[in-house]
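Structure record follows, encoded as structure tokens.
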Amino acid sequence: MSAPVLFESHCHTPLCRHAVGSPSEYARFALERGLAGINITCHGPTPREWGHCMAQSEWPKYLEIIEAARVEFEGQLEVKVGIECDFLPSLVSYWREFLADKKLSHVLGSVHPQVADYRAQFWHGDALGYQKTYFKHLADAAETGLFDTLSHPDLVKNSTPQEWDVKRIMPHVCRQLDRIQKTGVAMELNTSGVLKRIPEMNPNPAMLREIAARDIPIVLGADAHVPERVADRFEEALGLLARCGFSHVSFFVDRKRREVSIETARQSLKKGATALFE
Ligand SMILES: [Zn+2]
Ligand SMILES: [Zn+2]
């Protein structure tokens, strides 16, 4: 076991109303798993106050509960404030303004095809068309320059699992990855995909290989909505990354990207005492 190096880059708080556990509880698991730090990235407030996001008025509370964890774990684990921003073309100017005066560590840009407002605008009864729109939006999100990392970047496969055909969509995905590569934005390998309708991490291995081929940085996130899932399946994820052509894994601290070799990351992880999801 070597010194802690890795961060958890994607996890939540009860303010989004579909997660449990305080930032301190998430931090405790991060420490137990041998991480160096944790970016808390709860669903940031949207103008229409969607049910899966914190309310505008809750932002100070969000900072307060993360600050309490930061103080509690000082000297042991870095606890940082991040955010997950729902991407919709119509929200770009809102996020630009919202993010302008915030001091954040990691900003996730997320296209959530299951969100009612997104579906209402872009679902036209055609699964392949919806998938294409989703991947185009990922590249649009990257080009805004607002985000460090694009989360769970093939989530749309779970909207119509029976209509998911990697070979069919991949040429379109590759065109969008070419756009993303030019922006320098990172992409996430999200281990919570194994709990979804198509039970595999997001994105799928074929897409991971295309990301690696373009040298797009990859960030690991468990997308934990319960503390026990912090760093869930990171060993498996690192193995997958290595098989798909990556040598390094990235994370953000104060919005600056850091990179460690997969081998170093692997050696730094500890088996948690509470391996609930094994
Ligand atoms: Zn969530
Ligand atoms: Zn998400």
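The values are calculated or read from the model by the stated rules, or taken from the named source; none is laboratory data. All figures in this text were calculated on a predicted structure; none of them were measured in a lab. Just the protein is used for accessible areas: all its heavy atoms, side chains included, with ligands, DNA and RNA removed. Shrake-Rupley method; radii C 1.70, N 1.55, O 1.52, S 1.80 Å.
Summary table
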item	result
Alpha-carbon Debye profile of the chain, log10 I(q)/I(0) at 0.11, 0.14, 0.16 Å⁻¹	-0.57, -0.96, -1.28
Alpha carbon centroid spacing (whole Å) that separates the stretch 208-243 from the stretch 45-62	27 Å
Projected-area average for the stretch 203-278 over all orientations - Cα convex hull basis, square nanometres	5.6 nm²
Whole-number accessible area per residue in Å² for the chain, which is evaluated in the context of all protein chains at 1.4 Å	41 Å²
Quarter of Cα convex hull surface for the stretch 153-218, i.e. mean projection, nm²	4.1 nm²
Pairwise Cα inverse-distance average, inverted: Kirkwood Rh of the stretch 138-278 (Å)	15.6 Å
The stretch 1-91: Cα Rg divided by the 2.2 N^0.38 Å rule of thumb	1.14
For the stretch 174-193 and the stretch 134-159, distance of Cα centres in Å	7 Å
Residue among MET54, MET207, MET170 with the largest mean-square fluctuation in a Gaussian network model of the chain, springs linking Cα atoms under 10 Å	MET170
Share of carbon and sulfur in the accessible heavy-atom surface of the stretch 73-227 [1.4 Å probe, %]	50 percent
Mean projected area in nm² (Cα convex hull; one quarter of hull surface) for the stretch 107-178	4.7 nm²
Percent of beta bridges antiparallel (DSSP, the stretch 7-268, rounded to nearest 5)	25 percent
Computed [θ] at 222 nm, deg cm²/dmol, the chain (DSSP H ≥ 4; -39,500 (n - 2.57); rounded to nearest 500)	-11000 deg cm²/dmol
Total lysine pairs under 15 Å (Cα atoms) in the stretch 76-168, excluding pairs fewer than 8 apart on one chain	6
